[in-house]
2 protein chains.
Amino acid sequence: MEVVKRTRMSPAERRAQLLDLGARMLAERPLEQISVEEIADQAGVSRGLLFHYFASKHDFHLAIVRHAGADMLANTEPDPTLRPMEMLHASVSAYVDYVSANRNTYLSLLRGSASGDEEMRDEFERTRAVQADRIVSHLPRLGIAPDARIILAVRGWIAFVEEATITWLRDPQISRDELVDLHVQALPAVTLTPGVAAALLR
Amino acid sequence: MEVVKRTRMSPAERRAQLLDLGARMLAERPLEQISVEEIADQAGVSRGLLFHYFASKHDFHLAIVRHAGADMLANTEPDPTLRPMEMLHASVSAYVDYVSANRNTYLSLLRGSASGDEEMRDEFERTRAVQADRIVSHLPRLGIAPDARIILAVRGWIAFVEEATITWLRDPQISRDELVDLHVQALPAVTLTPGVAAALLR
């Protein structure tokens, strides 16, 4: 029998530890199978203490999803020292590599039963809104004023990237680099007029 | 009290009637609130007879979803007598008008709790696969041989259209015609090289 050492942690550290354990378990099984008891055991704390940090199992699951989203966003943070199309390429490459490395988590969250839960969907939507805002905020650097049509197109592009990436993860018929290029070229293609898009991609 | 007249129908007619009633109810409330009892009452049949056509409530709900998907596909059937870009425009226009007229059904199916159910998601996927196949099947007429990259881009475009349309239905910041144009222009833009896309859109 494994002896679990109970370590004294600050509340913030303990919370982070519980979420890390949850996120790690999410790579191996669907969210709804993440048991509070197992996480508490692994952390060497009581079930009661876990519920001190998260009000319910659902709250804990939501926090894991938020944690996974924040981790993805941190890993795909655009580098503002690059030129716009290079920045986009670097960020999309990081996204494809991140979701490839976290394949199970990504597929089970976005195409699993979590998507039937309204609060989970709200979490995904907040993550997508950050991705969209990042892009929209860089458009003025390209001399493009973001209007309602462009903002809608960027939202659509996020869905394009998500769907094409999920399809690719399940059945990779093209290379990783081809997928990255498909995503990168699609953004100016859907948001801008054909002439401006062609000039950017030259 | 309303007296329900029990009409003698063929099994196929009865099945169609039950599905029509279900689809109509779906415009007013989420799928999970569609009650078998109410539908049976409206049709003037017993709950037992309804279960003769659909093995369970879940089966009935699945059949309603399939029926709604088939109805959308029938309403957006491309007209092969048109030139490719006109055909695309007509089909996308029909799609936007169809989901506008069936707003509640569309939003509750694609962004409601139904999306948490694996068999429901499979139904949505089958509908999307038909939409994608329709497009891919017309590419040779444009002199374009559909390869793995193009097929992936078409899948992504379906998601683009769905997401942008849902965002627009919730908060229409651009006109219906602008939305149609956004969708129509996005398809060659994401699937083809910028030069070919620009030529098609001229």
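Rule-based calculations on the coordinates, nothing more; no lab input. Keep in mind the model is a prediction, meaning the values are calculated, not measured. Note: ideal-geometry Cβ built from the backbone for every residue, glycine included; neighbour counts use all protein chains shown.
Shown for B:D79, B:D181: other C-beta atoms within 10 Å of each C-beta, ranked fewest to most, produce the order B:D79, B:D181. Placing a label point 7 Å from Cα along the Cα-to-Cβ direction at B:R141 gives distances to the equivalent points in the other copies of 4.2 nm, listed shortest first. How far is the Cα center of segment B:48-62 from the Cα center of segment B:128-159, in Å? Going from one Cα centre to the other spans 35 Å.
Other protein chain C-beta atoms within 10 Å of residue C-beta, averaged over B:128-136: 0. Taken along the Cα-to-beta-carbon direction at a fixed 7 Å, the label points for A:S10 and B:E125 span 4.5 nm. Closest approach of a chain A beta carbon to the axis mapping chain A onto chain B (residue, whole Å): A:G116, 1. Across the copies of the chain, B:Y98 has label points (7 Å from Cα along Cα→Cβ) spaced 3.6 nm apart, shortest distance listed first. Here the Karplus curve 6.51 cos²θ - 1.76 cosθ + 1.60, taken at θ = phi - 60°, turns the phi angles of segment A:45-50 into couplings of 10, 7, 4, x, 5, 4 Hz, with x standing for Gly and Pro.
In order along segment B:27-38, the Karplus-derived 3J(HN,Hα) couplings, from 6.51 cos²θ - 1.76 cosθ + 1.60 at θ = phi - 60°, round to 6, 10, 8, x, 3, 5, 9, 7, 9, 5, 4, 4 Hz, and Gly and Pro are given as x. Normalised by the number of residues in segment A:1-92, the average gap of Cα pairs under 8 Å and 6 or more apart makes the relative contact order 26 percent. Computed from phi, the 3J(HN,Hα) profile of segment A:161-167 under the Karplus parametrisation 6.51, -1.76, 1.60 (θ = phi - 60°) reads 4, 4, 5, 5, 5, 5, 4 Hz, with x in place of Gly and Pro.
Across the options A:F54, A:S35, A:M25, the greatest Cα extent toward the positive end of the charge dipole of segment A:11-56 (unit charges at beta carbon of Lys, Arg, Asp, Glu) belongs to A:F54.
The fewest-to-most ranking of A:D122, B:D117 by surrounding Cβ atoms within 10 Å reads A:D122, B:D117. Across identical copies of the chain, A:R83 has label-point separations of 3.7 nm, listed in ascending order, with the point defined 7 angstrom from Cα along Cα→Cβ.
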